[in-house]
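Notes to accompany the following structure.
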Amino acid sequence: MTFRSILRNRMTVPAIAIIGGGPCGLTLANLLERKGITYVVYERDESPSSNREGGSLDLHPNTGQLALREAGLFDEFKKCARYEDTVFSIADKSGSKILELGQGRDAPEIDRSELRRLLLDAIPKEKVVWGHKLSTVELGKDNRPVLRFTNGTVLSGFKLIVGADGAWSKVRRLVTQSTPRYTKKSYVVSAIEHDNPLYKRTASRVGAGSSLAIGSGKFIMTQRQGNGSYRNSFGLQVPEDFFRNGIIDLRDLEATRRLLLSDFFADWSDEHKDLVRYSTGFQAWPLYTLTTEDMDWKTVPGVTVAGDAAHLAYPGGEGVNLAMADALKLASSIAEHGVENMNEAVREYETDMFPRVIAAIGESEAMSSVMYSEDPQAFIQLICS
Ligand SMILES: Cc1cc2nc3c(=O)[nH]c(=O)nc-3n(C[C@H](O)[C@H](O)[C@H](O)COP(=O)(O)OP(=O)(O)OC[C@H]3O[C@@H](n4cnc5c(N)ncnc54)[C@H](O)[C@@H]3O)c2cc1C
């Protein structure tokens, strides 16, 4: 490379490389775009429509919604937000409904794919580079991070790398040695599409929003999605290798149904068993978490992490909101300090993040323990307290 091309390369390298085009990375991209700070997003998915799993997310006023407001996207969000889907009912394993709540709650739902579309539509296409899966990041001779992608691309020269690359972040190891631990809990998710024989009954039983049944250390949640279909989450307590050791092969629909019915939901109501008998597309989602003790590291020049990459927790309804709040704080710190004082900006962001997420991780642990209870009482006490 000639001196001239090195110079040209330096001059065109954006200030910030964001790894991961999930809710956190794309919210950050939108906020930086509005503040006129240069950035590029590297995402492992091949295209915006790559079908990564993930259901409906509820956005809260002071975090997820606030980030969208600051990004100038709140009006667009309102067009596709499902305010009627905040209602949810709680039952026991016999099917007796105990409580219905959430009506009018300011936490509208949006599908993950819809949120991605909303965030992508507002930034220039060329600023998101698809099909770039980060393989490693390490500090180069000049102490600046060097990014290596699985497709052979090697990049450096950014003033800041933001790891918004989710649970199994490759960037995280530059700031902390902590790794997620298995919670001993997993979700098995499945779908009830419009053409499912159970669809009509589910639609009249659950309607808008979701229904949750808790019993004998397990739960079943059924939630309406943006296209009107329903998504079930079966909460199980199983060993980490349960879905890999041959006990269950979720691609075998009939065997999966048999095992769930005999070993997990044998004493549940027929209404709940039908969700197993009729739903399709079973997938496993083993749940991992970082702990509150992990939320403590010294700021590393030129690198930080945000969203699940920084503070993966049991899904208690805060994950995406915390991720978007991280993006908001990080973008405003960078704008305030300027890209020439990136380390100050990152220090300020991380100092703000630790106490915020420590509280949230604690709450998600509490939520996790009551959702896997013998009956719904502890859950009801927690959410009504
Ligand atoms: C079963 C389940 C249910 C959940 N339900 C809820 C809920 O109801 N409400 C809620 O608030 N939260 C929920 N969450 C949590 C929520 O999904 C996350 O907290 C949120 O998506 C975090 O956003 P993020 O952008 O930090 O990470 P992610 O959403 O994980 O996005 C990371 C992005 O980085 C990309 N990526 C990953 N690795 C690489 C790499 N090496 N190179 C390049 N790109 C990479 C990914 O493709 C992805 O686009 C749930 C989580 C699970 C597992």
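Within straight-line reach of Lys185, meaning a Cα separation under 29 Å, sit the following lysines at least 8 residues removed in sequence or on another chain: Lys93, Lys97, Lys133, Lys170, Lys218, Lys273. When you count the other C-beta atoms within 10 angstrom of each residue and take the mean per peptide, 100-113, 316-329 line up highest first as 316-329, 100-113.
Probing with 1.4 Å while keeping every protein chain in the model, the per residue accessible area of the range 181-288 equals 45 Å². Length, then width, then depth: along the principal axes, the Cα atoms of the chain run 73, 45, 40 Å. Ligands, DNA and RNA left out, the accessible area of the chain computed with a 1.4 Å probe is 49% carbon and sulfur. Here the relative contact order of the range 181-288, from alpha carbon pairs under 8 Å that lie six or more residues apart, stands at 40 percent. The listed peptides 192-201, 359-368, ordered by packing as a protection proxy, come out as 359-368, 192-201 (highest mean of other Cβ atoms within 10 Å first). With the cut-off at under 14 Å, measuring from each backbone N in the range 250-276 to a point 7 Å along the Cα-to-Cβ line of Ile380 picks out no residue.
Counting only DSSP beta bridges whose two residues both lie in the chain, roughly 70 percent are antiparallel. Ordered by solvent-accessible area of protein heavy atoms (1.4 Å probe), largest first, the residues His60, His311, His337 come out as His337, His60, His311. Compute the Kirkwood hydrodynamic radius of the range 111-189, taking the inverse of the mean of 1/r over all pairs of distinct Cα atoms, and give it in Å to one decimal. For the range 111-189, inverting the mean 1/r across all distinct Cα pairs yields 15.3 Å. In whole percents, the pair-distance distribution calculated for the range 60-210 from its alpha-carbon pairs, binned every 10 Å from zero, is 8, 23, 27, 25, 12, 4, 0.
The values are calculated or read from the model by the stated rules, or taken from the named source; none is laboratory data. From a predicted model like this one, the values you see are computed outputs, not experimental measurements. Cβ coordinates were reconstructed from backbone atoms using ideal geometry, including for glycine residues, and neighbour counts include every protein chain displayed. Accessible surface is based on the protein model in full, side chains and every heavy atom, while ligands, DNA and RNA are left aside. Shrake-Rupley method; radii C 1.70, N 1.55, O 1.52, S 1.80 Å.
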